[in-house]
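This report refers to the structure that appears directly beneath it.
The values are calculated or read from the model by the stated rules, or taken from the named source; none is laboratory data. Keep in mind the model is a prediction, meaning the values are calculated, not measured. Note that each Cβ is placed from the backbone with ideal geometry, even for glycine, and that neighbours are counted across all protein chains shown.
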Amino acid sequence: MQFEGSPHYYIGIEKSVDGINKFYDEFVYRRDSRDKERKKQLSYLLVDEYSMLLSSLDDARTKEVKRKIGEMLRAGRSLSCRVIIGLQNAYSEFFDKSRDNLVTRIALSIISKEKQGMMFSKYKEKMIKECGQGEGYIYRSGIGLEELFVAKIENIEEVNSAIKKSLSNEFGSY
């Protein structure tokens, strides 16, 4: 809640969909534009509890959100538009056939066999370690699967300040 009031922080179902739509509009602008400088500026869309969001929408709006997220996952890297999805279970139904376009995948803590299969199907036999808090696995396209250890944040206020500042940036004003 420390980010509430920031121009690009969207909380709640309707505002979250508005945020996705705004980011998608930027994605479309970059895709259709000749503005090479804008296409180089990294922009991030972070959608936490993505499955909860989709389950809260009617069928037509769910289909539209999945289509937009899928399109951005497939083509966003070349436009410096990065999509980060947070969810408990990465069922393929949430990704409109674009789950394989998640080029970096992170799973932390206890990772069930089902979750291993969803996110790391080619590598699940290599996932033998029992993971605790701050531990897990990371898959990166072109690199493969590796163990992951998350460093403890020493100065959370500094991190929150940097996030809040980035949530105030407008597209094209970096």
Check on Tyr91, loosely packed, with under 15 Cβ neighbours inside 10 Å and touching a helix residue (DSSP H, G or I) at 6+ places or on another chain (Cβ under 7 Å): yes
Residues of the range 73-113 being farther than 20 Å from Glu14 by Cα, under 15 Å from the mean Cα position of the chain (by Cα), in a helix (DSSP H, G or I) and not polar (S, T, N, Q), in sequence order, are Leu73, Arg74, Ala75, Arg77, Arg99, Asp100
May I ask you to verify whether Arg99 is of a type in the set (Lys, Arg) and at pLDDT 90 or above? no
Count of the range 1-32 residues which are part of a loop (DSSP other than H, G, I, E, B), surrounded by 13 or more Cβ atoms within 10 Å (Cβ to Cβ) and without any contact (Cβ under 8 Å) to a residue 24 or more places away in the chain: 1
Look at Val65 and say whether it is assigned to a helix (DSSP H, G or I) and over 17 Å from the mean Cα position of the chain (by Cα). no
Report, by residue number, each residue of the range 132-145 that is over 17 Å from Lys115 (Cβ atoms) and part of a strand (DSSP E or B). Arg140, Gly144
Would you be able to tell me the number of residues in the range 131-153 that are at positive phi and either in contact with a helix residue (DSSP H, G or I) (Cβ under 8 Å, 6 or more places away or on another chain) or in contact (Cβ under 8 Å) with a residue 60 or more places away in the chain (or both)? 1
Return yes when Arg74 is among the basic types (Lys, Arg) and in contact with a Ser or Thr (Cβ under 7 Å, 6 or more places away or on another chain) and no when it is not. yes
Restricted to the range 34-80 and to residues being among the hydroxyl-bearing types (Ser, Thr, Tyr) and surrounded by fewer than 14 Cβ atoms within 10 Å (Cβ to Cβ), the residue nearest to Lys97 (Cα to Cα) is Ser55
Check the range 154-168 and report whether any residue there is assigned to a loop (DSSP other than H, G, I, E, B), touching a residue at least 24 places away in the same chain (Cβ under 8 Å) and within 25 Å of Ser16 (Cβ to Cβ). yes
